[in-house]
Amino acid sequence: MQVLIIEDEARAANQLQKLLQTLGFDYGLLGIIDTVEESVEWFQNNKNPDLVFMDIQLADGLSFEIFQKVQLQCPIIFTTAFDQYAIRAFKVNSVDYLLKPIQKEDLQQALDKFTRSKQQLTLNTETLQSFLAEMQTTARREGILVKEGDGFMQLRISDLLYVYSEDSVTFGVTENKRVIIDETLDQLYPSLNPNQFFRINRGQVVAKLAILKIGKYFNHRLKLTVTQAREQEFIVSRQKTNDFKSWLNR
């Protein structure tokens, strides 16, 4: 049994492997991939695995984008921290979906379902295309709940210059303040307007209006000068450089 794991969080990938071992699932690991771009390249150059565990929110976008570029003929178990994505994933004929943090019992049920499948399940590409189109036109929320003193306040998302994660805490920066956001970047980013915000790497999301200057950086990356940088460095990852340039040209 040849298994591929597509997951951008090392801790989550390690946890999944430990659970599989605990359950006695006999498999060979083909690799762990953390981006849409690298996943597409892998599928273009390798035979389809027997089973794929695929996180929905990857370092450079949604894993559904993979299916726009390659035809997959293999069963997939989606993993996600978001119920909205899990429901959609289940509707595109995946074997199953698992909500994070993955529980041993849920994983066992998904593996049992995979084992019972008499025919290979493939993805409904038309449903995927419809889902992606819907996501691009879905209204984005305008406010976000942030911590202030002993309570909370609502911050206008349009006021955010950038958002970053540090020591497992998510911070948002405006012209006047830095606030703590009670969500992870993975939870927050899908709700932001994709025309205004871009996730330049795993730990930083930048607003287009906050970018003052773009310079070349080593290893084919880009370095940004951003308003109210607060000693932060803003480096666009190599995998996201092309998408970032396209985003700026919208």
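A short reminder: the numbers here are calculations on the coordinates, not readings from a lab. The structure displayed is predicted, hence computed values, not measured ones. We place every Cβ from the backbone using ideal geometry, glycine too, and count neighbours over all the protein chains shown.
Brief remarks on what is shown
- Simple spin-label estimate for ALA10 and THR184 gives 1.6 nm between the two label positions (7 Å along the Cα-to-Cβ direction from each Cα).
- Placing R0 at 41 angstrom, the Cβ-Cβ distance between LYS18 and ASP159 gives a FRET efficiency of 0.45 after rounding to 0.05.
- Option label - percent of Cα pairs over 32 Å apart computed here, alternatives [x] 26; [y] 23; [z] 14: [x]
- Whole-Hz couplings from phi, Karplus 6.51/-1.76/1.60, listed for the stretch 46-61; x for Gly and Pro: 9, 6, 4, x, 6, 7, 10, 9, 10, 5, 7, 9, 9, 4, 10, x
- Extension gain, TYR27 back to PHE218 (0.36 nm per residue minus Cα-Cα distance, nm): 64.9 nm
- An ellipsoid equivalent to the stretch 143-248, defined through the eigenvalues of its Cα gyration tensor, has semi-axes of 24, 13, 13 Å when rounded to whole angstrom and sorted largest first.
- Applied to the stretch 162-174, the Karplus parametrisation 6.51 cos²θ - 1.76 cosθ + 1.60 on θ = phi - 60° returns per-residue 3J(HN,Hα) values of 6, 10, 8, 10, 8, 6, 6, 10, 9, 10, x, 10, 10 Hz, with x for Gly and Pro.
- Largest GNM mean-square fluctuation among ALA210, ALA81, ALA229, using the chain with Cα springs under 10 Å: ALA229.
- 3J(HN,Hα) along the stretch 19-35, derived from phi through the Karplus expression 6.51 cos²θ - 1.76 cosθ + 1.60 where θ = phi - 60°, amounts to 5, 4, 5, 4, 7, x, 6, 8, 8, x, 8, 7, x, 10, 10, 10, 9 Hz, with x in place of Gly and Pro.
- DSSP beta bridges in the chain [antiparallel fraction, %, rounded to 5]: 65
- Average Cα contact separation per residue, the stretch 143-248, under 8 Å, 6 or more apart, as relative contact order %: 19
- The relative contact order of the chain, computed from alpha carbon pairs under 8 Å that lie at least 6 residues apart in sequence, is 12 percent.
- Residues with amide H under 5 Å from that of GLN2, placed H, sequence gap 5 or more: GLY28, ASP50, LEU51
- Cα-centred dipole magnitude for the chain, charges only on beta-carbon of K, R (+1) and D, E (-1), debye, nearest 20: 660
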